Amino acid sequence: MDMQLNETQRVIEDACLKLLEQRAGPGRARELRKTDDFDARLMIELEEAGFLDLFHEPEAGPLVAALVTEWAAKAAALAPVAQRLLVAPAVMDDKPPALVAVADAAELRAVRFAAEADILILVDGDEARVAGRGAFEAIPARTKFGYPMATVSGVRGSPLAPGAGAVVKRWWRVALAAEIAGAARAAVDLTIRYLQDRVQFDRPIASYQAIQHRLVECHVLADAAQWAAREAAFQGAPPDLAASAAITACEAAHRIFYELHQLTGAIGFTTEYDLHLYTMRLQALRLEMRGIRGHARALVDARWPAES
């Protein structure tokens, strides 16, 4: 994989970031969370601009779909961008609707965007089915994790192709890694700016070497999550790379959460400060799909498959 964006990717990046700057951001996320809402307007504009249908585009493909997912997470977009960009196109022949939720049959208590979704993709082992609105029940639940969540039950719907569940899980892991990478990068950048401005003992806090070491570690962890997600998407989400990307991202999310809240001190624990808009999402994302244990199990199965 080329580490530099090509001309087409740079054009897409410029257009996407401009749209996200205008329509997303911490202020918009705060506004939506007051009513436990999500950004339907943003999804409409992303769809109209063509950003939701990059997965199968020859000049873009899954890598650019992962990049848009990452950029949206970095912009604190409160919408099911990852599910629509990276998961649904991998298993659905027809164009998916804009609002997609993904759930595991074994974990239906806290499904992101389930109450808002037009379709739900339900994974059950290596199989999967898709249920339209009305073919499943979703009871919204209030949480502190930065996403609208719901408990799902009564899923009916139509089965997808044999083995679709395994495909969903691979791309779901890549999507999680890309979301974590974007949110982690935004959180680290926000903390660096704060520590450069905050003065203690007549010096910016960021000038102290011990602080710099911790910031560099967070920066490297965010970078690792970013490149692991991009590589997995570029390679077509093979089981081992998808699981490795998810593990790398979950480890980064865990460490970055604690480091940044310690480094920012008391203000980092207030809802008036923007840090929680990213770090609480990191907590939710790192627990999805049974967390790092689930990803590690998938990696073991991919590297050392059981003999039949």
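Annotations
- Looking at the chain, the accessible area is 47 square angstrom per residue; that uses a 1.4 Å probe and ignores ligands, DNA and RNA.
- Amide H to amide H, with H built 1.01 Å from N, Val102 comes under 5 Å of Ile121, counting only residues 5 or more places away or on other chains.
- For the chain, the fraction of 1.4 Å probe accessible surface lying on carbon and sulfur atoms is 53 percent.
- Residue separation of Ala106 and Gln235 scaled by 0.36 nm, minus their Cα-Cα distance, works out to 43.6 nm of gained length.
- Rg/Rh for the stretch 204-264 stands at 1.12; both radii use Cα atoms, and Rh follows the Kirkwood definition.
- Using distinct alpha-carbon pairs, which all enter the 1/r mean, Kirkwood radius of the stretch 206-308 in Å: 15.0 Å
- Ordered by solvent-accessible area of protein heavy atoms (1.4 Å probe), largest first, the residues Phe136, Phe234, Phe113 come out as Phe234, Phe136, Phe113.
- Loop-located GluC sites (Glu not before Pro) in the stretch 148-240 whose Cβ has at most 15 other Cβ within 10 Å (DSSP): none
- For the stretch 29-122, applying the loop criterion from DSSP together with a ceiling of 16 other beta carbons within 10 Å to the trypsin sites (Lys or Arg not before Pro) yields Lys34, Arg109.
- Highest mobility in the GNM of the chain, judged by mean-square fluctuation with C-alpha springs under 10 Å and restricted to Ala77, Ala161, Ala128, is found for Ala161.
- Under 5 Å between amide hydrogens, built in the peptide plane, is the criterion, and for Leu108 it picks out nothing among residues at least 5 positions away or on other chains.
- Estimated purely from DSSP H runs of n ≥ 4, each contributing -39500 (n - 2.57), the mean residue ellipticity at 222 nm for the chain is -17500 deg cm²/dmol once divided by its residues.
- 3J(HN,Hα) along the stretch 134-142, derived from phi through the Karplus expression 6.51 cos²θ - 1.76 cosθ + 1.60 where θ = phi - 60°, amounts to x, 9, 7, 10, 9, 9, x, 9, 6 Hz, with x in place of Gly and Pro.
- Based on the convex hull around the alpha carbon atoms, the stretch 11-54 presents an average projected area of 3.2 nm².
- Checking the cross-link pairs Lys18/Lys169; Lys144/Lys169; Lys74/Lys169; Lys34/Lys95; Lys18/Lys144 against a 27 Å limit on the alpha carbon distance flags Lys18/Lys169; Lys34/Lys95; Lys18/Lys144 as lying beyond it.
- FRET efficiency estimate (nearest 0.05) - Cβ-Cβ, Met3 to Asp202, R0 41 angstrom: 0.50
- Using R0 = 22 Å, the C-beta based FRET efficiency linking Ile139 and Arg41 works out to 0.35.
- Shape category assigned to the stretch 28-152 from the gyration tensor of Cα positions, a/c cut at 1.5: oblate
- Ordered from largest to smallest accessible area (heavy atoms of protein chains, 1.4 Å probe), the residues Tyr147, Tyr208 come out as Tyr208, Tyr147.
- His213 accessible area, 1.4 Å probe, all protein chains in place, Å² to nearest 10: 100 Å²
- When only alpha carbons of the chain are considered, Rg and Dmax amount to 18.9, 67 Å.
- Accessible area, probe 1.4 Å, largest first, for residues Val100, Val91: Val91, Val100
- Sorted from greatest to least, the principal axis extents spanned by the alpha carbons of the stretch 54-114 come out as 38, 30, 18 Å.
- Per-residue extension of 0.36 nm, minus the Cα-Cα distance of Gln212 and Asp53, leaves a gain of 53.2 nm for this segment.
The values are calculated or read from the model by the stated rules, or taken from the named source; none is laboratory data. This one's a predicted model, so the numbers in the text were calculated from it and none came from an experiment. Ideal geometry is used to build each Cβ from the backbone, glycine not excepted, and the neighbour counts take in all protein chains shown. Side chains are part of the model used for accessible areas, which takes the heavy atoms of the whole protein and leaves out ligands, DNA and RNA. Shrake-Rupley method; radii C 1.70, N 1.55, O 1.52, S 1.80 Å.
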